[in-house]
Amino acid sequence: MERVKEDRSLRVLTWNLWWRFGRWQERRKVIVVELRRMRPDVCGLQEVWADERENLAASIAEELGMHHAYAPSPAPGKWQRRIGDAGVEVGCAVLSRWPITESDARRLPTGDEPDEGRTVLYARIDAPRAGVPFFVTHLNSGLGQSALRKEQVGAIAGFMREKGQDAHPPVLAVDFNAPPDADEVRCLVGKAPPPVRGFVLADAWGYARPLEPGWTWDRRNPHVAATFEPDARIDYLFVGPPGGDGLGQVLDVGLFGTGPVDGVWASDHFGVLAVLRGGPEHADRASAARQRTTSETEER
């Protein structure tokens, strides 16, 4: 990632943590290592687990000195059956280095499909420059569910329009389970009629690195290779139009979690971190916007 000229920044990321699959106890340690290395200001996390002993979002937030909000799935049965444990929740979470002054969650449409308990979580971040309306979600994954995902995008856009009235443009961290040329993505970025009239977001990767694939579902990861599925970019950070002073403009973007730590892969997904234009009060982050998002970002 090239050095950017801005000396103020906001570092936001999205990452699917692969719930309680695989060597999850070992993966938990690597997840913390990766998040600490990335020095995020705000994280949007999908497939976050919680049980009677631990809420992963709360415990990681405590380890990193961050605040958190968590929204469990209201219908986790499909997930629980896959691991044979009805006592584990799955949900989305927001971690923030600044206080979270408001949070809310909404269920997403199910269409004619079985209810998977998909939700969108909103958290208002009390950042120094301006309140940041931050959203995190995880859409249905079926190959034939594009129409349902488009309906879910409409619900998300309506929720974001309702809650995202702050000086800072809204940020959406999402595992879309769909590539950039899918209808459900195109309608959100204005390449097809938007689901909510006039509501359009920018795809951070497409804005900052349009010539690079940015695969987050990558067969270099053995967990992906085991599915026999093709490489794809299915994890996104979307940002609303920047303010008149450029607040929220995407400065750079990169991948992380793209290799094992001591032989352990943190997740089956790579994470995405974006650097957004901040304001004068972000002086303590002056060097962050000048540094690489990750040393592991590779040219393809």
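The values are calculated or read from the model by the stated rules, or taken from the named source; none is laboratory data. Because the structure is predicted, anything quoted here is derived from the model rather than measured. In this analysis, Cβ positions are derived from the backbone assuming ideal geometry, glycine residues included, and neighbour counts consider all displayed protein chains. Protein only, heavy atoms only, side chains kept; ligands, DNA and RNA dropped before computing areas. Shrake-Rupley method; radii C 1.70, N 1.55, O 1.52, S 1.80 Å.
Here are some notes:
- Residues with amide H under 5 Å from that of residue 118, placed H, sequence gap 5 or more: 108
- The chain: Lys pairs at Cα distance under 24 angstrom, eight or more positions apart or on different chains: 4
- Restricting attention to the stretch 93-181, close to 75% of DSSP beta bridges with both partner residues there are antiparallel.
- Here the chain is assigned +1 on the Cβ of each Lys and Arg and -1 on the Cβ of each Asp and Glu. Its dipole about the Cα centre then comes out at about 360 debye.
- Here is what passes the span test in the chain: the DSSP H helices with alpha carbon length of 24 Å or more along the helix axis and a Kyte-Doolittle mean of -1.0 or above are 146-163.
- Considering only 77, 223, 189, and ranking their Cα positions along the charge dipole of the chain that arises from unit charges at the beta-carbon of Lys, Arg, Asp and Glu, the one farthest toward the positive end is 189.
- For the stretch 110-186, the residue among 138, 168, 111 whose Cα projects farthest onto the positive side of the dipole built from Cβ charges is 168.
- Most tightly packed first, judged by the mean number of other beta-carbon atoms within 10 Å of their residues, the peptides 248-254, 55-61, 196-202 read 248-254, 55-61, 196-202.
- Entry note, the chain: relative contact order of 23 percent, from Cα contacts under 8 Å with a spacing of 6+ residues.
- For residue 66, the accessible area of its heavy atoms, probed at 1.4 Å with every protein chain present, is near 30 square angstrom.
- Per residue, the chain exposes an accessible area of 42 Å² to a 1.4 Å probe, with every protein chain left in place.
- The chain: most fluctuating residue of 91, 263, 246 per GNM, C-alpha cutoff 10 Å: 263
- Taking 89, 162, 62 in turn, the Gaussian network model of the chain (Cα-Cα springs below 10 Å) assigns the largest fluctuation to 162.
- Accessible surface of the chain, 1.4 Å probe: 49 percent of it comes from carbon and sulfur atoms.
- Averaging the sequence gap over all C-alpha pairs within less than 8 Å and six or more residues apart, then dividing by the number of residues, gives the stretch 145-276 a relative contact order of 26 percent.
- Top of 173, 204, 192 by mean-square fluctuation, Gaussian network on the chain, Cα under 10 Å: 192
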